[in-house]
Amino acid sequence: KQALNIVKMKKMKADGIPLTMITAYDYPSARLAEEAGIDIILVGDSLGNVVLGYDTTLPVTLDDMVYHTRSVVRGAHNTFIVADMPFMTYHGSIDESLRGVRRLMQEGRAHAVKVEGGVEICETVKQIVSAGVPVLGHIGLTPQSVNTIGGYRIQGKDPADAQRLMDEAKALEAAGAFAVVLELVTEEVAEAISRAISIPTIGIGAGRYTDGQVLVYHDVLRYASPYREKRFVKTYADIGTQIREGITQYVQEVKQRAFPDESHIFKADETVLESLYGT
Ligand code: KIV
Ligand code: NA
């Protein structure tokens, strides 16, 4: 399998072939996602929620992102990997933003970065792209702005809000973004945006007509995600239950001395026995 690139992604949009993206945060999750044939892996700052146990993505640092990105890359050498720029690392000077991008690309070894926001970050997007780094946009519900948005709610519900989202998507395209994530957007607005721009849209809770879909690994697999059930998620496996049951059984068998049994042990020679106990 050959890794996808941003030129092929645009062609896939033109050809009507959906893009598949899932998050991953470490070697095994990346490896399994690649083996399953995913198009793009996102090392999302959702790792703050599902891996690190925070209640928002705000505490996630650049160090966290670099560490997890490196682990993901080691597990998926043939997959296009995007790393999230964490909260407050791309709203200061261009120099500071580029330093963060450099770390994700050079130390983390990602192929692209993702930034949340619209028109206000387009100048930064341009600078990152001109440094040779593909940028994935992210509009709609942008979790790093949860405190100014006032909660995790559906975006694009009134005409002004829908128009704002449309303008943001077009501005990101003009700034050179290779694709845009649409999070928690009404289906009709997401469809209109997908038709209006030539770069792919990748939806999460944005309905059926985006050019691709993205979901969080722990949600897809019901891997002890701290989130409540979400309407826009479909779970395809229940590994949380499997893991808990497996560990429960291990604990029981050790307590009952049923594990280890004869098949798991290493036998010493007679001579060792003699030296231990004498004869
Ligand atoms: O961090 C993340 O998982 C994301 C996706 C939800 C798009 O940004
Ligand atoms: Na994110």
For Leu58, are the conditions met, namely being assigned by TED's automatic domain parsing to the domain that holds Gly203, without any contact (Cβ under 8 Å) to a residue 40 or more places away in the chain and either of a type in the set (A, V, I, L, M, F, W, C) or assigned to a loop (DSSP other than H, G, I, E, B) (or both)? no
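Let's see how each residue does on (1) buried (at least 16 other Cβ atoms within 10 Å of the Cβ); (2) within 15 Å of ligand 2 (Cβ to nearest atom); (3) under 14 Å from Phe178 (Cα atoms); (4) modelled with pLDDT of 95 or more:
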site	(1), (2), (3), (4)
Met85	yes, yes, no, yes
Val113	yes, yes, yes, yes
Val133	yes, no, yes, yes
Leu136	yes, yes, yes, yes
Pro159	no, no, no, yes
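Confirm whether Ser145 is more than 16 Å from ligand 2 (Cβ to nearest atom), out of contact with any Leu (no Cβ under 6 Å at 6 or more places or on another chain) and either on the phi > 0 side of the Ramachandran plot or among the hydroxyl-bearing types (Ser, Thr, Tyr) (or both).
Values: more than 16 Å from ligand 2 (Cβ to nearest atom): no; out of contact with any Leu (no Cβ under 6 Å at 6 or more places or on another chain): yes; either on the phi > 0 side of the Ramachandran plot or among the hydroxyl-bearing types (Ser, Thr, Tyr) (or both): yes.
Against the criterion (more than 16 Å from ligand 2 (Cβ to nearest atom), out of contact with any Leu (no Cβ under 6 Å at 6 or more places or on another chain) and either on the phi > 0 side of the Ramachandran plot or among the hydroxyl-bearing types (Ser, Thr, Tyr) (or both)), Ser145 does not qualify.
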Tell me, yes or no, whether segment 119-129 has at least one residue that is closer than 27 Å to Arg70 by Cα, assigned to a helix (DSSP H, G or I), more than 16 Å from ligand 1 (Cβ to nearest atom) and charged (D, E, K, R). yes
Name every residue in segment 5-56 that is β-branched (Val, Ile, Thr), within 16 Å of ligand 2 (Cβ to nearest atom) and under 14 Å from Thr201 (Cα atoms), in order of residue number. Ile40
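Check segment 142-157 and report whether any residue there is in the same structural domain as Ala24 (by TED's automatic domain parsing), within 14 Å of ligand 1 (Cβ to nearest atom) and part of a loop (DSSP other than H, G, I, E, B). Quick ask: steps written out before the conclusion?
Of all residues in segment 142-157, those in the same structural domain as Ala24 (by TED's automatic domain parsing) come to 142-157.
Add one more test, that the residue is within 14 Å of ligand 1 (Cβ to nearest atom), and what stays is 142-146, 152, 155.
Filter once more, so that each one left must be part of a loop (DSSP other than H, G, I, E, B): 142, 152.
Scanning segment 142-157 turns up at least one residue that is in the same structural domain as Ala24 (by TED's automatic domain parsing), within 14 Å of ligand 1 (Cβ to nearest atom) and part of a loop (DSSP other than H, G, I, E, B).
I'd like to verify a number: residues in segment 24-76 that are among the acidic types (Asp, Glu) and surrounded by 24 or more Cβ atoms within 10 Å (Cβ to Cβ), how many?
We begin by selecting, within segment 24-76, every residue among the acidic types (Asp, Glu); these are 26, 34-35, 39, 45, 55, 63-64.
Okay, now just the ones that are also surrounded by 24 or more Cβ atoms within 10 Å (Cβ to Cβ), so 45.
Here the count works out to 1.
The values are calculated or read from the model by the stated rules, or taken from the named source; none is laboratory data. Everything numeric in this text was worked out from a predicted model, so none of it was measured. Here the Cβ is made from the backbone with ideal geometry for all residues, glycine too, and neighbour counts use every protein chain on show.
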